[in-house]
Every structure is written in C-alpha cells, then in structure tokens.
Amino acid sequence: MTNSASIFSRLPVTRRDVLGAFAAAAVASAVPLSASAQAASPAANSATAQAIADHFSGVATMQGEFVQFGPRGEQTGGKFFIERPGKLRFNYDDPSPMRVIADGKNVAIGNVKLKTWDLYPLSKTPLSLLLAPHIDLSAGMVKGVKEESDLTTISLGNNTVFGNSTITMMFDPKTYDLRQWTITDNQGKDTSVMIFNVKTGVAFDERVFRVPYEDIKGTSANRD
C-alpha cells in the first residue's frame with residue numbers, strides 16, 4: 001500500500017455505497033445543487049480551463065489507485081482503469097467484492113462473488129461526461145469553472161438528462177492532471193474520488209471493460 005493510501009482508514013464498501021457513488025444521479029429525486037457544485041464560477045469560457053479540458057480529453061487511457069469518500073463519511077479504496085470514450089473499471093480493495101464496470105454503453109455495479117449486478121445506461125449518469133471523447137466548455141453542460149492557484153475546478157451537468165446531478169472535476173493548474181472528481185446526486189449528496197499513482201497511455205486487454213451480461217437477467221439486447 002502506498003503512503004498516500006495509508007493515511008485513510010479503510011472501511012468495507014457495500015453495494016449500497018457503490019450505488020450511491022455511481023448510480024444515484026440517475027434515480028434520486030431532484031433537489032437544489034450542493035454547495036460544492038454551486039461554488040464554481042460561471043466563467044466557463046476561460047482559456048486556461050479549456051486548455052485543461054483539452055489536455056484531459058487527449059488522455060486516451062489511464063490507470064491508478066483511488067480513495068472514495070461517500071456521502072455518509074465512509075472511505076474505501078482500490079484500483080481504477082479508464083479508456084476513453086466511455087470505459088471505466090473500479091476494483092475495490094479486498095475484502096470487498098464490489099466492481100464498477102462501464103463498457104461504453106452501460107454501467108454495471110455488482111458483487112463478483114454473488115454474481116449480482118445492477119445495470120444503468122452510461123448516457124444517463126454523469127460518468128458519461130468524465131468519459132466523454134471531448135469536453136467543450138462552451139457547451140451548455142458547463143455549470144461553472146473556478147480557477148485558484150493550486151486547483152482548477154470544472155463542474156458539468158445536463159438538467160435535461162441528469163436533473164440536478166453534476167460531476168465536478170478538479171485539476172492541477174500546472175500539470176493539467178486530474179486529481180479528483182465529485183458526483184453530486186439529485187439529493188445534493190456528494191461522493192468524491194481522489195486518484196493517485198496515475199499512469200497514462202496504458203494498453204488494456206478488452207476483457208478489462210467487459211460487462212458480464214450473462215449474469216444479468218434480461219440484458220441480452222445490451223451485449224452488442
């Protein structure tokens with residue numbers, strides 16, 4: 001375990017926690033945005049912020065470690081894998097059997113030991129913005145941009161698709177590297193993911209982002 005990870009207490013992640021982190025934005029009832037989402041400035045056409053967004057969009061693949069902070073204060077960690085566009089995998093540390101897999105079409109959240117899974121259209125979750133092929137800050141999905149000396153924060157959302165749910169991405173203003181993202185669901189609850197030990201330009205086996213549709217009843221139409 002790295003020094004970065006060891007400073008956090010690791011609590012077992014449950015299926016409910018993971019659902020809250022990645023799926024609640026698609027199913028929760030709408031309420032006003034949380035303070036973290038509202039903090040961003042409407043100056044979304046910043047040249048610096050767009051340069052950061054362009055840099056991030058140009059990172060086709062990345063992998064590393066993460067620590068997740070849930071809305072009830074719970075903490076857990078693991079390894080993540082991202083391939084643009086649309087693909088993501090979260091392997092939670094043992095003893096948790098939880099996995100999150102996005103294959104470009106759907107997001108599957110499940111327990112690999114019990115082979116129980118929940119399936120959500122990727123396009124209906126704010127994760128689709130994180131995994132998009134390009135982030136255009138002139139588009140209407142930008143909720144705000146906040147530039148500080150040590151952090152540039154970009155908040156994205158689409159009221160028509162996600163309701164009041166947003167994803168807020170935090171970048172290093174010098175290296176343009178992604179440091180953290182926070183998903184705020186329609187109930188104003190935040191789940192944050194901090195990443196570290198990141199490697200880019202990684203080649204992945206296609207099985208990394210394979211959703212086990214054979215274990216999910218009634219999803220044969222989603223396999224292709």
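The values are calculated or read from the model by the stated rules, or taken from the named source; none is laboratory data. Bear in mind that the values here come from a model prediction, so they are computed numbers and not experimental data. In this analysis, Cβ positions are derived from the backbone assuming ideal geometry, glycine residues included, and neighbour counts consider all displayed protein chains.
Numbers at a glance
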item: The range 164-186, residues that are of a type outside the set (Phe, Trp, Tyr), touching a residue at least 12 places away in the same chain (Cβ under 8 Å), surrounded by fewer than 20 Cβ atoms within 10 Å (Cβ to Cβ) and assigned to a loop (DSSP other than H, G, I, E, B); result: Asp172, Pro173, Asp177
item: Test: residue in the range 121-142 that is assigned to a strand (DSSP E or B) and at pLDDT 90 or above; result: yes
item: Candidate set: the range 187-224, residues that are part of a strand (DSSP E or B) and of a type in the set (D, E, K, R); chosen: the one modelled with the lowest pLDDT; result: Asp190
item: Condition check for Phe80: in a strand (DSSP E or B), modelled with pLDDT of 50 or more and either surrounded by 19 or more Cβ atoms within 10 Å (Cβ to Cβ) or in contact with a Ser or Thr (Cβ under 8 Å, 6 or more places away or on another chain) (or both); result: yes
item: Hey, Thr153 touching a residue at least 60 places away in the same chain (Cβ under 8 Å), crowded, with 20+ Cβ neighbours inside 10 Å and more than 22 Å from Asp103 (Cα to Cα) or not; result: yes
item: Yes/no for Thr61 being touching an Asp or Glu at 6+ places or on another chain (Cβ under 6 Å) and hydroxyl-bearing (Ser, Thr, Tyr); result: yes
item: Some residue of the range 106-122 being under 24 Å from Gly163 (Cα atoms), crowded, with 16+ Cβ neighbours inside 10 Å, free of Cβ contacts under 8 Å to residues at least 40 places away in the same chain and touching a helix residue (DSSP H, G or I) at 6+ places or on another chain (Cβ under 9 Å); result: yes
item: Residue in the range 93-103 that is of a type in the set (Asp, Glu) and without any contact (Cβ under 8 Å) to a residue 12 or more places away in the chain present; result: yes
item: Evaluation of Leu131 against (1) under 17 Å from Ile195 (Cα atoms); (2) among the hydrophobic types (A, V, I, L, M, F, W, C); (3) in contact with a Phe, Trp or Tyr (Cβ under 9 Å, 6 or more places away or on another chain) (one fails), failing number; result: (3)
item: Residue within the range 37-51 that is part of a strand (DSSP E or B), at pLDDT below 95, out of contact with any His (no Cβ under 7 Å at 6 or more places or on another chain) and not small (Gly, Ala, Ser) present; result: no
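Listed here are the residues, each with its yes/no results for (1) of a type in the set (Val, Ile, Thr); (2) within 26 Å of Glu214 (Cα to Cα).
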residue	(1), (2)
Phe90	no, yes
Asp93	no, yes
Val107	yes, yes
Thr116	yes, yes
Pro121	no, yes
Ser138	no, no
Val142	yes, no
